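Values in this text are rule-based calculations from the coordinates and carry no lab data. For clarity, every value in this text was computed on a predicted model and none was experimentally measured. So basically every Cβ, Gly included, is an ideal-geometry build from the backbone, and we count neighbours across all protein chains shown.
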């Protein structure tokens, strides 16, 4: 995998580690950690490899970021299995235990977060779940693309059973909400027409701005992300999906509603949302739920 990472670095024109760190966003990944990914025998965390491959593919003429990410994930997985570890490979010069690890991030960065999860009852077994998750990812990729987000402007990660899309590209949030209300229902209907009744996709989604960091394991973390996951997993959204005539429900946090939906930017209909309250151990969360059925005239 190391050879291939150097090869894609070369095809992208050998951008410096500092240049890559700046391109990925201030504070997301330190330049020293990127340098280690290219030079150290230790296997980098997959989250770091993923964001590097997306950025380098975006600088390479004719390269497809999604294709490269899938290829590198296969290489990374093989390398991780080579010594029975999913985290590191043997190191030539191990760091002494007393030395603290290199910081994964310098400080939190503001991103647009899209979280999605499917009705798990529809997946009868592991194979069915993998198929459904693959379809979910394709749908989310299409939605973000239609909203104007290139593959290089987003990163994808697992968050429990949910799929998290972290959007770093400048994006009017109204475009993303509009795409979720217009593009997703159409694409979802087409996808479900092609599958059996037992494999129908029904999903819950949450959109929020949030401060996040990428930790040493390559996982996105942050309190805004945690709150969004509580909304996604709440009974309020689960009940809404159960009762919905369509195949998805969308929830936006108060900042998205107040700054975007309420003003009906990009044609998003404010009257299609109603306020909900989700109780958590940390206190109540206020959010806004899109209430189907509603036929939208765009």
Handout entry: Projected label distance in nm at residue 137 and residue 242, using a 7 Å step from Cα toward the beta-carbon
Key = 3.0
Completion exercise
Here the FRET efficiency for residue 4 versus residue 161, based on Cβ atoms and R0 = 25 Å and rounded to 0.05, is 0.25
Problem - region 109-290: relative contact order as a whole-number percent, Cα under 8 Å and 6+ apart - result: 25
Practice task
Describe numerically, in nm with one decimal, the distance between label points set 7 Å from Cα along Cα→Cβ at residue 286 and at residue 75.
Solution key: 5.0
Practice task
Please label the shape of region 109-290 as rounded, prolate or oblate, based on the square roots a ≥ b ≥ c of the eigenvalues of the alpha-carbon gyration tensor (a/c under 1.5 means rounded; beyond that, a/b larger than b/c means prolate, else oblate).
Solution key: rounded
Handout entry: Cα gyration tensor shape of region 2-82, rounded if a/c is under 1.5, else prolate or oblate by comparing a/b with b/c
Key = oblate
Fill in the blank from the handout: Expected unfolding gain across residue 194-residue 264 under the 0.36 nm per residue rule, minus the alpha-carbon gap, is 21.8 nm
Practice task
Starting from the Cα-Cα distance between residue 272 and residue 19, subtract it from 0.36 nm times their residue separation and give me the gain in nm to one decimal.
Solution key: 86.8 nm
